[in-house]
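Novice: Starting off with a structure, shown below.
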Amino acid sequence: SCYQQAKRVLHTAVPERLHGREREAAAVRQFLREHVAARRPGSLYIAGAPGTGKTACVSRVLHDCKDELVGIRSVVLNCMALSSAHAVFPAVAEQLGLPTAGAGGRELARRLERALTAKGPMLLLVLDELDQLGSRAQDVLYTIFEWPRLPGSRLVLIGLANALDLTERVLARLHTSPLPGPRLLRFAPYSREELAAILHGRLQQLRGSPVLEPNALQFCARKVSAVSGDARKALDVCRRAVELVELDVRSQTLLQPPLGGDPAATPCSVPKRVGLPQVSRVLSEVFGERMGPGGPVAHDAFPLQQKLLVCSLLLLARHLHTRQVTLGKLHDTYSRVCRRQQLSAVDQAECLSLLTLLESRGVLELRRTKDTRLTKVSLKVEEEEAQHALQDVALVGSILARGLP
Ligand SMILES: Nc1ncnc2c1ncn2[C@@H]1O[C@H](COP(=O)(O)OP(=O)(O)OP(=O)(O)O)[C@@H](O)[C@H]1O
Ligand SMILES: [Mg+2]
């Protein structure tokens with residue numbers, strides 16, 4: 001349906017065009033040209049708040065420069081997937097095809113240095129989400145950023161992170177030596193106009209009449225730019241608003257007998273547009289009163305599905321004595337809880353978008369991975385606090401009292 005198409009275009013990770021990132025994309029392209037193509041080792045450090053398009057920009061440029069990068073070994077690694085900071089070494093070694101078995105930390109480091117300074121084509125290493133290595137990873141980061149400076153190195157390194165103080169603390173050490181340190185590229189939060197252009201650019205790919213009303217789109221861009229300038233959040237809000245209208249329309253069409261005619265014949269008609277009411281509802285769910293340690297308790301109770309998800313998380317936390325579970329596991333438990341309560345359950349994709357809302361309210365934290373099922377969900381509030389905030393003693397109490405289904 002038009003709603004599914006809208007959700008799909010709002011979801012794409014690497015769009016064709018990155019509005020408002022022309023300068024940054026050009027800088028990355030220039031860096032690749034000066035280093036990879038010119039066979040000069042070096043490093044680039046990209047920093048910016050979440051959702052400012054760092055990953056999208058680098059992926060886009062790598063994709064667009066494919067032809068210039070032929071014959072070059074490139075490795076892209078997301079540090080989120082690593083179990084510890086030091087796990088970055090075996091991960092890189094493995095990607096480079098080096099044997100890792102039986103090698104201790106020291107030996108592995110030596111093998112990596114030897115491989116990176118051996119004769120051969122240039123190597124491009126992209127390390128995304130460097131923050132995930134944690135604050136105790138200074139020596140690890142230092143080692144990595146030293147690689148392009150080793151005599152005879154053939155490494156070109158691009159590191160992406162949220163925190164700028166990675167440069168101030170760790171990379172300051174690199175800057176003190178006479179060898180050139182990493183080049184720094186900052187991604188600023190998006191402005192209202194940029195967010196509007198991004199949302200508009202996505203939805204424009206759909207033919208037919210617009211699914212989202214222009215004033216609703218502008219409203220979303222204004223609110224999100226005022227809080228964080230995070231394109232991911234703006235896209236999430238719109239997707240969620242589309243979902244609300246979709247559910248609404250679906251429940252109404254179930255009540256009405258079909259009027260005959262093939263619904264597939266008019267695939268792009270928009271039964272109901274997504275307007276200000278839905279977008280502002282999602283925005284207040286996301287940015288409204290925050291629940292959380294010390295913060296005010298939300299006055300609007302949580303929507304039912306979110307309550308069910310929190311209950312399931314509480315049950316799992318209690319049962320497994322851990323505050324962190326995977327989304328897959330949570331979704332399984334939640335589905336069973338729903339079945340037992342004779343309520344319908346949402347699918348895993350929608351589950352993730354509801355969890356994103358709960359994350360914005362400080363109830364839990366998500367660590368995203370490529371595979372949605374493996375996304376880590378951690379409870380951020382105490383059981384009592386969560387129960388209190390859910391404000392539905394009857395339902396919550398009964399679910400929790402019955403234990404894991
Ligand atoms: N200029 C843009 N045009 C279109 N879409 C964009 C733009 N910038 C970001 N996006 C989209 O917003 C989402 C978040 O962007 P991205 O993942 O690149 O952020 P990030 O800076 O890497 O964030 P994080 O620090 O959390 O990793 C993605 O879906 C991306 O496609
Ligand atoms: Mg990223």
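We did not get these values from a lab; they are worked out from the coordinates using the rules stated. Here the structure is a predicted model, which is why all the values come from computation and not from measurement. Using ideal geometry, Cβ is built from the backbone for each residue, glycine included, and neighbour counts are taken over all protein chains shown.
Novice: How would Cys351, Cys338 line up from fewest to most surrounding beta-carbon atoms within 10 angstrom?
Specialist: Cys338, Cys351
Novice: What order, most packed first, do the peptides 76-83, 365-372 have when packing is the mean number of other Cβ atoms within 10 Å of each residue?
Specialist: Result, highest mean first: 76-83, 365-372.
Novice: Relative contact order for the chain: what percent, with Cα pairs under 8 Å and sequence separation of 6 or more?
Specialist: Relative contact order of the chain: 17 percent.
Novice: Over region 39-187, calculate the relative contact order: mean separation of alpha carbon pairs under 8 Å at least 6 apart, over the residue count, as a percent.
Specialist: About 42 percent, as a whole number.
Novice: Additional query: Pulled fully out, how much extra length does the chain show between Arg40 and Arg318, if you take 0.36 nm times their separation in residues and subtract their Cα-Cα distance?
Specialist: Length gained between Arg40 and Arg318: 94.7 nm.
Novice: Shifting gears a bit: Calculate the translational D of the chain in whole µm² s⁻¹ from Stokes-Einstein, where the hydrodynamic radius comes from the Kirkwood formula applied to all Cα pairs, the temperature is 4 °C and the viscosity 1.567 mPa s.
Specialist: It comes out at roughly 55 µm²/s.
Novice: Taking the number of other C-beta atoms within 10 Å as the exposure measure, put Tyr190, Tyr142 in order starting with the fewest.
Specialist: Exposure proxy ranking, most exposed first: Tyr142, Tyr190.
Novice: Same structure, new question: Mind sorting His19, His200 by how few other Cβ atoms lie within 10 Å of their own Cβ, fewest first?
Specialist: So the ranking, lowest neighbour count to highest, is His200, His19.
Novice: Under the rule of -39500 (n - 2.57) per DSSP H run of 4 or more residues, summed and divided by the residues of the chain, what mean residue ellipticity at 222 nm is obtained, to the nearest 500 deg cm²/dmol?
Specialist: My calculation for the chain gives -14500 deg cm²/dmol from helical runs alone.
Novice: Can you give the FRET efficiency for Arg367 and Gln204, using 1/(1 + (r/R0)^6), R0 = 41 Å, r = Cβ-Cβ distance, to the nearest 0.05?
Specialist: Once rounded, the FRET efficiency stands at 0.80.
Novice: Using 1/(1 + (r/R0)^6) with R0 = 22 angstrom and r between the beta carbons of Leu247 and His11, what's the FRET efficiency to the nearest 0.05?
Specialist: Once rounded, the FRET efficiency stands at 0.80.
Novice: Could you check the spin-label model distance between Ser84 and Gln342? Points 7 Å from the Cα along Cα→Cβ, value in nm.
Specialist: Here the answer is 5.1 nm between the modelled labels.
Novice: Please grab the % of Cα pairs in region 39-187 that end up more than 18 Å from each other.
Specialist: Tail of P(r) above 18 Å: 56 percent of Cα pairs.
Novice: Using the crude model of +1 on Lys and Arg Cβ and -1 on Asp and Glu Cβ, and no other charge, please compute the dipole size for the chain relative to its Cα centre, in debye to 20.
Specialist: Roughly 860 debye for the chain.
Novice: Another question, if that's okay. Can you compute the radius of gyration and Dmax for region 296-405, using only the Cα atoms, both in Å?
Specialist: Using the Cα atoms of region 296-405, the pair Rg, Dmax is 12.6, 37 Å.
Novice: What net charge do the residues around His321 carry, taking every other residue with its C-beta under 15 Å from that of His321, with Lys and Arg at +1 and Asp and Glu at -1?
Specialist: Cβ neighbours under 15 Å give a net charge of +1.
Novice: Then there's this: Please enumerate, by chain and number, the aspartates and glutamates with C-alpha under 14 Å from the C-alpha of Lys370, excluding those fewer than 8 residues away in the same chain.
Specialist: Cross-link targets: Asp128, Glu129.
Novice: How much length, in nm to one decimal, is gained on full extension between Lys119 and Ser177, taken as 0.36 nm per residue of separation minus their Cα-Cα distance?
Specialist: Result: 18.4 nm gained on full extension.
Novice: Now, a different point. Can you tell me which lysines have their Cα less than 24 Å from the Cα of Lys376? Leave out same-chain residues fewer than eight positions away.
Specialist: Lys7, Lys54, Lys233, Lys307, Lys329
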